[in-house]
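The values are calculated or read from the model by the stated rules, or taken from the named source; none is laboratory data. From a predicted model like this one, the values you see are computed outputs, not experimental measurements. Cβ placement follows ideal geometry from the backbone for every residue including glycine, while neighbour counts extend to all protein chains displayed. Side chains are part of the model used for accessible areas, which takes the heavy atoms of the whole protein and leaves out ligands, DNA and RNA. Shrake-Rupley method; radii C 1.70, N 1.55, O 1.52, S 1.80 Å.
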Amino acid sequence: MIERFSATGFQTQVGRTGQSNACFTHNCRHKLEALKNAGYPILVMTGDMDYVLLQPSSSVYLAEKLGARLEVFKGGGHALRLQDPEGHNQLLLDHIQSEK
């Protein structure tokens with residue numbers, strides 16, 4: 001966990017409050033079906049140690065509802081793009097290129 005925070009830093013109180021508020025008030029479940037049927041390839045990425053606000057199981061749920069590809073970064077937290085920029089970017093690139 002120390003390694004994660006050395007890469008991303010600690011979130012401010014304002015940031016934590018804002019994210020908590022979004023988690024409790026933002027509900028877009030009714031939009032998932034429309035997104036799923038939009039015809040775009042969807043990639044859901046999570047870390048198996050992403051416990052900032054939601055459990056990794058939330059990403060599993062989201063991927064299932066969207067019919068999306070799910071990639072789990074072993075040892076990854078909430079800020080994958082900062083913790084493993086090369087792996088994150090390569091995964092995005094591979095996903096985009098595979099859909100051409």
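Any chance you could look up the accessible area of His95 with a 1.4 Å probe, heavy atoms only, rounded to 10 Å²?
Accessible area, nearest 10 Å²: 20 Å².
Would you kindly find the accessible area of Thr46, with a 1.4 Å probe and non-protein molecules such as ligands, DNA and RNA excluded, rounding to the nearest 10 Å²?
Spelled out: Thr46, probe radius 1.4 Å, area about 0 Å².
Of all accessible surface on the chain at a 1.4 Å probe, what whole percent is carbon and sulfur?
That share works out to 57 percent.
In straight Cα distance, which aspartates and glutamates are under 17 Å from Lys31, not counting same-chain residues fewer than 8 positions off?
Glu64
Estimate the FRET efficiency between Leu92 and Phe24 by the formula 1/(1 + (r/R0)^6), using the beta-carbon distance for r and 22 Å for R0, to the nearest 0.05.
Working: r = 29 Å, r/R0 = 1.33.
The computed FRET efficiency comes out at 0.15.
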